[in-house]
Amino acid sequence: MPGPDESGGDIRDTRLPLRLSLPSPSHHSAIVTNTNAMLTSLHIQNFKAWRDTGPVRLAPLTVIFGANSAGKSSLGHLMLALKQTVQSTDRRRALHLGDGKSLIDLGTFADCLHGHQSQNPLEFELQWHPPGGFQTEDPISRDSFRGDTISLLTRLEADAQAQAQVSSIRYRLMEGKQSKLEVDFSCSPQGEFALESSSYKLVKTQGRQWPLDAPEKFYRISDASRARFQNAGFLSDLALTAEELLNRFYYLGPLRDHPRRTYQWSGDTPEDVGSKGELTVSAILAADAQERKLNRGPKHKYLLFQAFIATWLKDLGVIDDFLVKPIAAGRKEYEVLVKTGSSTPEVKITDVGFGVSQVLPALVLPFYCPANSIVWMEQPEIHLHPQVQAELADVFISATTARENHKGRNIQLIVESHSEHFLNRLQRRIAEGVISSDNVAVYFCRKNKSGEADMEPLEVNMFGDIENWPENFFGNEMEDLTARTVAAAKKKIAQQIK
């Protein structure tokens with residue numbers, strides 16, 4: 001049943017097909033003040049092109065630019081490896097680097113190390129806000145520890161078989177920037193593990209003191225090791241928050257599936273749209289079957305999922321009408337029909353420009369994934385007209401403010417891009433106050449003189465200006481203008497001589 005939304009209007013129960021008469025919500029939203037669950041910082045050492053990224057601040061909307069082979073993609077690839085390790089059934093494997101059936105295949109551990117130097121450890125630190133914060137109590141002292149930020153620092157080294165093994169794990173619980181609880185699980189040169197904390201008095205269980213076991217995966221102290229102490233149960237809760245974080249991580253790669261004339265859907269609900277967007281149509285149908293309704297943020301109308309996506313496609317200027325329907329009653333084969341103009345015939349998605357099928361996964365994923373998710377995208381603007389590339393910035397800003405069931409979805413987006421048009425629109429929206437500069441992070445990746453990847457944070461002020469614009473950020477425009485002017489002058493002189 002339709003009901004009131006936050007603006008006092010009716011929840012729209014509009015179903016597809018979407019026609020021109022359907023009003024298009026404004027691109028503009030309230031200023032983003034997202035302080036909810038999200039990945040706040042990433043620091044990687046000795047991984048692929050990166051000797052040391054330094055601490056990378058991540059915002060609700062983070063955009064990473066840079067030259068080809070500058071190390072942008074490897075940042076997301078490590079996150080994918082961590083996710084597939086969490087989801088692996090093999091607890092003994094410290095880092096699941098992948099195979100033909102996994103989310104990503106990074107080769108061997110030596111392949112992943114910077115310069116393939118296996119004598120150097122791989123280190124990474126994740127810092128995040130867990131949903132609702134984190135609190136634990138020492139069952140012996142009754143001291144309470146509460147914080148809004150958790151940090152996990154892991155060091156991995158190559159063992160005798162050149163496989164990754166954990167040499168240390170450190171968890172920190174912080175309230176703001178103040179440390180409330182720290183715990184270290186580390187291995188000595190003799191191969192013995194120790195659990196220590198400077199802020200929490202760990203009490204060993206009585207009886208014979210057996211040595212501690214090696215950790216499970218890259219983040220978890222085993223049940224047997226925790227049982228050596230009377231008050232170490234909170235370690236399983238910390239590990240659980242790390243699992244929750246990485247299970248909320250979703251990835252869309254730069255190479256997406258070609259459109260199909262028919263799609264199969266038998267009622268399943270996919271976790272996401274797939275790394276190549278291959279599950280996008282299934283995701284749309286699943287969301288619509290569940291009658292999910294979303295809006296673009298406070299004061300905007302609610303729409304059924306398929307209509308919500310269609311309005312964005314129309315606002316992007318990609319299509320005029322959009323419909324996913326079964327090819328016949330009772331069948332599990334579906335077709336995607338589109339109209340590119342109000343007077344054009346309805347055709348299958350395979351019979352229109354390639355850009356429609358390529359932008360659809362990038363549009364669906366941030367609105368389909370569960371609340372409090374982290375979405376990493378590579379080149380969402382690929383195959384798109386410059387104007388549509390600019391409009392994508394509005395889509396992603398909206399994704400950070402969108403609401404479902406009258407609650408904020410709190411989606412975090414990390415976007416790798418080459419699009420100057422995307423950046424220009426983002427700068428404009430910051431200047432207009434649509435999104436705060438504090439809720440945007442922009443980086444530029446390049447190779448330094450030593451051939452190593454280097455990441456420079458760009459300082460975007462409240463007026464949308466980049467105060468430290470990198471040299472040759474989008475190429476040398478002045479050099480091209482000068483060269484063109486000189487060439488034109490030479491041609492004119494030559495024509496006059498003739």
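The values are calculated or read from the model by the stated rules, or taken from the named source; none is laboratory data. As the structure is a computational prediction, the values presented were derived from the model and not from experiment. Every residue, glycine among them, receives a Cβ derived from its backbone with ideal geometry; neighbour counts consider all protein chains shown. Calculation scope for accessible area: heavy atoms of the full protein, side chains included, ligands and nucleic acids excluded. Shrake-Rupley method; radii C 1.70, N 1.55, O 1.52, S 1.80 Å.
Computed over the chain, relative contact order equals 19 percent, with contacts defined as Cα pairs under 8 Å that lie 6+ residues apart.
Convert 37 °C to kelvin, take the viscosity as 0.692 mPa s, use the Kirkwood radius over C-alpha pairs of region 302-408 as Rh, and evaluate the Stokes-Einstein diffusion coefficient in µm²/s, rounded to a whole number. Could you put the intermediate results ahead of the total?
Working: Rh = 14.9 Å.
It comes out at roughly 220 µm²/s.
Our note on the geometry: Cα centres of region 327-381 and region 280-318, 11 Å apart. Each of the peptides 309-320, 152-163 was scored by the mean count of other Cβ atoms within 10 Å over its residues; in descending order, highest first, they stand as 309-320, 152-163.
Could you state the accessible area per residue of the chain in Å², with a 1.4 Å probe and every protein chain left in place?
Working: 22990 Å² over 498 residues.
On a per-residue basis, the chain sits at 46 Å².
Suppose R0 equals 22 Å. What FRET efficiency, 1/(1 + (r/R0)^6) with r the Cβ-Cβ distance, do Asn424 and Ser69 give to the nearest 0.05?
Values: r = 25 Å, r/R0 = 1.13.
In this case the efficiency is close to 0.30.
Leaving out same-chain residues fewer than 8 places away, which aspartates and glutamates sit with a Cα under 13 Å from that of Lys201? Result set, ordered by chain and number: Glu137, Asp138, Asp143, Glu182, Asp184. Convex hull volume of the Cα atoms of region 137-264, normalised per residue: 201 Å³.
Ranking His116, His406 by solvent-accessible area of protein heavy atoms (1.4 Å probe, all protein chains present), from largest to smallest, gives His116, His406. Dipole of region 189-295 computed with +1 at Lys/Arg Cβ and -1 at Asp/Glu Cβ about the Cα centre; of Leu255, Thr205, Thr280, farthest Cα towards the positive end is Thr205.
The distance separating the Cα centre of region 430-470 from that of region 240-262 comes to 26 Å. State the answer as a single residue: which of Ala81, Ser141, Ala160 lies farthest towards the positive end of the charge dipole of region 47-171, with beta carbon charges of +1 for Lys and Arg and -1 for Asp and Glu, about the Cα centre. Of the listed residues, the answer is Ala81.
Here is the P(r) of region 191-271: all C-alpha pair distances, binned every 5 Å from 0, give 3, 10, 16, 16, 12, 8, 6, 7, 7, 6, 5, 3, 1, 0 in whole percents. For region 168-191 versus region 45-116, the spacing of their alpha-carbon centroids is 22 Å.
Round to a whole number: what % of the accessible area of region 356-401 belongs to carbon and sulfur, probe 1.4 Å? Here it works out to 56 percent.
Which number comes out as Rg/Rh for region 45-116 once both Rg and the Kirkwood Rh are worked out on C-alpha atoms? Working shown, then result.
Values: Rg = 13.2 Å, Rh = 13.4 Å.
Taking Rg over the Kirkwood Rh, I get 0.99.
I need the semi-axes of the equivalent ellipsoid of the chain: take the C-alpha gyration tensor, multiply each eigenvalue by 5, square-root it, list largest first in whole angstrom. Write down the numbers at each step before the final one.
Numbers: eigenvalues 361, 188, 101 Å².
Values for the chain, descending: 42, 31, 22 Å.
The magnitude of the dipole of region 376-485, with charges of +1 and -1 set on the Cβ of Lys/Arg and Asp/Glu and taken from the Cα centre, is near 400 debye.
Here region 224-271 is treated as a Stokes sphere of Kirkwood radius computed over C-alpha pairs; at 37 °C and 0.692 mPa s its diffusion coefficient rounds to 214 µm²/s. Charge dipole (Cα centre; +1 on Lys/Arg Cβ, -1 on Asp/Glu Cβ; no other charges) of the chain amounts to roughly 620 debye. Once backbone amide H atoms are built at 1.01 Å from N, Lys48 has Leu113, His114 as its partners under 5 Å, excluding neighbours fewer than 5 places away on the same chain.
Only helices enter this figure: runs of n ≥ 4 DSSP H residues, each worth -39500 (n - 2.57), summed and divided by the residues of the chain, yield -7500 deg cm²/dmol at 222 nm to the nearest 500. State the percentage of accessible surface on region 142-182 attributable to carbon and sulfur atoms; use a 1.4 Å probe and exclude ligands, DNA and RNA. Carbon and sulfur together cover 38 percent of it.
Once fully extended, how much extra length lies between Trp469 and Asp268, figured as 0.36 nm per residue of separation less the alpha-carbon to alpha-carbon distance?
Details: separation 201, 0.36 × 201 = 72.36 nm, distance 4.69 nm.
Extra length available between Trp469 and Asp268 comes to 67.7 nm.
Kirkwood Rh over alpha-carbon pairs of region 330-488, then Stokes-Einstein at 20 °C and 1.002 mPa s: what D in µm² s⁻¹, rounded to an integer? Mind dumping the intermediate values first?
Values: Rh = 18.6 Å.
Estimated diffusion coefficient is 116 µm²/s.
Once you've got the Cα coordinates, tell me which of Lys299/Lys332; Lys101/Lys332; Lys101/Lys301; Lys301/Lys325; Lys276/Lys447 are over 31 Å apart. Lys299/Lys332; Lys101/Lys301, as the Cα separations exceed 31 Å there.
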